[in-house]
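Take a look at the structure set out below.
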Amino acid sequence: EKVAEDVSGIRLDWFFEQLTNTTRRLDYSVESVASFRKGEGWASTILLKRNDSMVMPADVKLILEDGSEKYVSVPLGIMQGSKPVPEDWFVAPAWNWTFPEYQLVVDTESRVASAEIDPYWRTPDRNRLNNTSSFPYEAKLFDPLQPSWGKYSIGYRPFVDYAFSHG
């Protein structure tokens, strides 16, 4: 634990406590995305929710209507800091572990079309189907369904039957 704290520069006792001494599970979800005009750009509010008792920092990918992507890191209050992120990422105010919901407010040049928690699948999230603001599905015609942790599969197989009794 000490080596991990020295390398990361972040207090990690909360992390090791949850993973080694508890049976807590992690499940974050994107509840809603709302965007409003603000001067020349847009102000967006993304409501994030913790559905289980484990707490972890959250990385959020925002897809804007113009096709560009923005990344936001949401640290925890008990971390006493934030992890190192690339220069083009935005570090949001800390999410206090006592609150199950968090309102992420960001200003962007284009409207936010969708949001996704943990886009790189780095956390042990129990239900990844609620990690995005849009309904994650994949529709196929005649192809067999493939199990996926990240999206629902819908298969279309039209019933074709010809026999003397059916005309």
| note | In whole angstrom, the spacing between the Cα centers of the range 1-71 and the range 114-140 equals 13
| Using a probe of 1.4 angstrom, how much of the accessible area of the chain is carbon and sulfur, in percent? | 54
| Between exposed trypsin sites (Lys or Arg not before Pro) in the chain, where DSSP calls loop and at most 16 other Cβ atoms lie within 10 Å, what's the longest gap? | 26-110
| said: Run the helix sum for the chain: -39,500 (n - 2.57) per DSSP H stretch of 4+ residues, divided by residue count, reported at 222 nm to the nearest 500 deg cm²/dmol. | reply: -2500 deg cm²/dmol
| Counting pairs on different chains as well as pairs 8 or more places apart, how many Lys pairs in the chain have Cα atoms under 29 Å apart? | 16
| note | Counting only residues 5 or more apart in sequence or on a different chain, those whose built amide H sits under 5 Å from that of residue 153 are 138
| field | the range 8-167, accessible area per residue, ligands and nucleic acids excluded (1.4 Å, Å²) | value | 63
| note | A chain fully extended from residue 8 to residue 157 at 0.36 nm per residue, minus the present Cα-Cα distance, gains in nm 48.5 nm
| query | Are there chymotrypsin sites (Phe, Trp or Tyr not before Pro) in the range 70-146 that DSSP marks as loop and that have at most 16 other Cβ atoms within 10 Å, and which are they? | reply | 89, 97, 120, 121, 142
| Gyration tensor verdict on the range 1-155 (Cα atoms; rounded if a/c is under 1.5, prolate if a/b is larger than b/c, oblate otherwise) | oblate
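The values are calculated or read from the model by the stated rules, or taken from the named source; none is laboratory data. Everything quoted here is computed from the prediction, not taken from an experiment. Methodologically, a virtual Cβ is constructed for each residue, glycine included, from the backbone with ideal geometry; neighbour enumeration extends over all protein chains shown. Accessible surface areas use protein heavy atoms only, side chains included; no ligands, DNA or RNA. Shrake-Rupley method; radii C 1.70, N 1.55, O 1.52, S 1.80 Å.
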